[in-house]
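FYI, it's all coordinate maths here, none of it is from the lab. This one's a predicted model, so the numbers in the text were calculated from it and none came from an experiment. All Cβ positions, glycine included, derive from the backbone under ideal geometry; neighbour counts span all protein chains shown.
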Amino acid sequence: MARGTKGKSRNTGYARISYESYDGSAVRRLEQGTAVPQPRPQVKPKKREVARPRIQVREAGSLSAFAAVGFLAIGVFSVLLLFSYVQLHQISEEVVSLRGEISELQSQENVLRARYEQVYDLAAIEEAMISTGRMVKPQYGQIIYVDLSEPDSVTFFDQEERAEGAAGAIQSFRSICTDILEYFK
């Protein structure tokens, strides 16, 4: 906020000094007959000594049983965790080796299947059976052709007709019971 000082200059303390008397030096000239002002001795404030409160220090006591059991438990669990990491590493190495064995065994399986198929050559088996007389080629009259162009149909023979109503329920209950008894005989 500006004061309402219109027409007055702000620096009124230096208005009395003419600029001609300034010689460019920042040192003040003493006038003749005036005494040199002596610096006043500075009074140092008195320092108060801070009194620290007396704190009673507790003597080192024995370790409590609860703390000892806690530290022991932490140690045991750390060792168990370390052993579990070792076991995990061993198991992962075994998994890697077993995967290698699996791929090797699969390639062996493919080789053995190919050999198995070569051993059982149907043409060689047919030749051997015909030469011993155990197998004979069919004659012209023994060949029968089945015509499957017609749709499928089923014919039941000797089937009893079903009764309806209460008599049908009793009859089906009897048939269920006889089927169960025949199963356990």
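Among the chymotrypsin sites (Phe, Trp or Tyr not before Pro) in segment 146-178, which ones are in a DSSP loop with at most 11 other Cβ atoms within 10 Å of the Cβ? Mind listing them?
Passing both the DSSP loop test and the Cβ count: PHE156, PHE157.
Identify, among ALA124, ALA114, SER97, the residue whose Cα sits farthest towards the positive end of the charge dipole of segment 66-136, taking +1 on the Cβ of Lys and Arg and -1 on the Cβ of Asp and Glu, with the dipole about the Cα centre.
Highest projection toward the positive end goes to SER97.
Scale the Cα Rg of segment 102-185 by the rule-of-thumb value 2.2 N^0.38 Å and send over the ratio, two decimals.
2.35
In nanometres, what is the gap between the two model label sites at ALA169 and PHE77, each 7 Å from Cα along Cα-to-Cβ?
Output for this residue pair reads 6.9 nm.
List the equivalent ellipsoid semi-axes of segment 66-136 in whole Å, largest first, each obtained as the square root of 5λ for an eigenvalue λ of the Cα gyration tensor.
In descending order, the three semi-axes are 66, 12, 4 Å.
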